[in-house]
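Here's the structure, in structure tokens; my notes come after.
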Amino acid sequence: MTHSFFGGVYPATRKGNTRRKPLTRLPQTPKEIVIPLIMCADGPSTPMVRPGDAVTVGQPIARRGKTGAAAHASVSGRVAAIEDRPHPWGGLSSAIVIHNDDRNELYQGRMVPLDPKQLTVELMAQRVEAAGIVGMGGGVFPAWEKLIRSAGQVDTLIVNAAECEPYVTADYRLLLERGEQIIRVSQVLARCLGCEHVVLVTEGDKLSAVEAVERRLRRLHGGRVQIMAVRTRYPLGAEKQIIQTVTGREVPPGGSPLDVKCIVFNIATVYAMHDALFQGRPLTHRAVTVTGGAVTRPRNLWVPIGTPLRHLLEACGGLREDADRTLTGGPMMGVALQSLDAPVTKDTNSLVCLTDWEHKPDTPIGVCIRCGKCVASCPMHLAPTFIRRSLEEGDLKRLAQYHLEDCNSCGCCSFICPAQIPLVELVAQARSLVRREEAGK
């Protein structure tokens, strides 16, 4: 039985160009790999190598200090520099630049595969931290910290394969092609965390993946693991919305999934855990969808982390016409790229190149007509139009009462607004203003 959540919108899915394209490796790896030191929500990592050092695939090249996550070489070669490079999140960031020697030599100090029957939460968290695994669905929070906090505190594990963003199919291909590995590690996660239920969640229009997973569950005696297909609605893939859809439980304002005894991992994160725990491989590669009306041959690629986005586009035949907008992530929550020289990071699930006819035209911002569509579509029960008005009036006291911290920047309000008011940006401005005011007290 599925439940529902408040609000949401129904953008065109536009996944047809890549949904049947299997994950393929790059025909040729790039000559230069760029590993940013910022790939974790809590800050930068500390480099462990210096220019001139030789590195091999899987070798640790950055470690977690007080912040950050471990990073590993995704190709073999030599460290050319540690310098500022474009980052897909915007601006410049310090990065380790590796000149690829095309040998793909494996690191000799590779981690030993673990026995699933002997695993504990502590051992699992240690391995996940050593492998540098963070939330790969966009949150980039340390996955090992989530494991430690959740041990014995949750009864439901949700593996999130509900790719509600238009265009993106990387998680769908992982579920379809590597479902067996995902089921196995989900079973181990459930046992170690003490979960009674494990739910793999995907959208209802992905029946081929659902059928494939059901066959594997029968063959593997899935036990407490089940597959759930739910009606497509954005932002189904958001953590709080997927919990409510699966369990009917609503995470309280300012709360976390632990408050309702749930833990959610993106499917790419779970697959990375499988490689780290049972293959001894750190996080060095990930699935990326390259698509959009401007792309010549849209594809799903399995790529080394640190690959320049320009190289991915070249592997898909380049652009067949000028892109009006280029994003990492989908068109609802994606980040507009400042440079295609920015690399693939641990949370990069897509490169989307849109033509001018694929998105809402940049018309002048109109006047709010108080239609209430933004309020009706907000899955977090916020009132974007009231927030906008209070921001314009500079009323900080009222802004502080609107639960701005609950906004997940999903973009439903901006998408639905007939006046083309950039509500999601205005809510973010209001949230920053309130935080600065509170910090100054």
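The values are calculated or read from the model by the stated rules, or taken from the named source; none is laboratory data. Note that the structure is predicted; figures quoted are calculated from it, not measured. For neighbour counting, all protein chains shown are included, and Cβ atoms are generated from backbone atoms with ideal geometry for every residue, glycine included. When the accessible area is computed, the model is the full protein with side chains, heavy atoms only, and any ligands, DNA or RNA have been set aside. Shrake-Rupley method; radii C 1.70, N 1.55, O 1.52, S 1.80 Å.
Descriptive notes on the structure:
- Among residues of the stretch 48-68 that are under 16 Å from T284 (Cβ atoms), those with a beta-carbon under 7 Å from a residue that is of a type in the set (D, E) and surrounded by 15 or more Cβ atoms within 10 Å (Cβ to Cβ) at least six positions away or on a different chain give the pairs T56/E105; V57/E105.
- Residue that is nearest to V427 (Cα to Cα), among those in the stretch 366-401 that are surrounded by fewer than 17 Cβ atoms within 10 Å (Cβ to Cβ) and in contact (Cβ under 8 Å) with a residue 60 or more places away in the chain: H381
- Yes/no for T363 being at pLDDT below 95, open to solvent by less than 20 Å² (accessible area, probe 1.4 Å), over 20 Å from W89 (Cα atoms) and of a type in the set (S, T, N, Q): no
- E105 vs. criteria out of contact with any helix residue (DSSP H, G or I) (no Cβ under 8 Å at 6 or more places or on another chain) and of a type in the set (D, E, K, R): yes
- Any hit, the stretch 141-157, residues being assigned to a loop (DSSP other than H, G, I, E, B), out of contact with any helix residue (DSSP H, G or I) (no Cβ under 8 Å at 6 or more places or on another chain), closer than 17 Å to N266 by Cα and open to solvent by less than 10 Å² (accessible area, probe 1.4 Å): no
- Odd one out for S350 among (1) modelled with pLDDT under 95; (2) touching a Ser or Thr at 6+ places or on another chain (Cβ under 7 Å): (1)
- Lone qualifier among A69, A12, A62, A41 - being open to solvent by less than 10 Å² (accessible area, probe 1.4 Å) and assigned to a loop (DSSP other than H, G, I, E, B): A69
- Leading residue by the ranking (nearest to A272 (Cα to Cα)) among those in the stretch 159-209 that are among the polar types (S, T, N, Q) and either open to solvent by 10 Å² or more (accessible area, probe 1.4 Å) or in contact with a helix residue (DSSP H, G or I) (Cβ under 9 Å, 6 or more places away or on another chain) (or both): Q181
- Filter result for I387 (farther than 17 Å from G7 by Cα, β-branched (V, I, T) and not in a helix (DSSP H, G or I)): no
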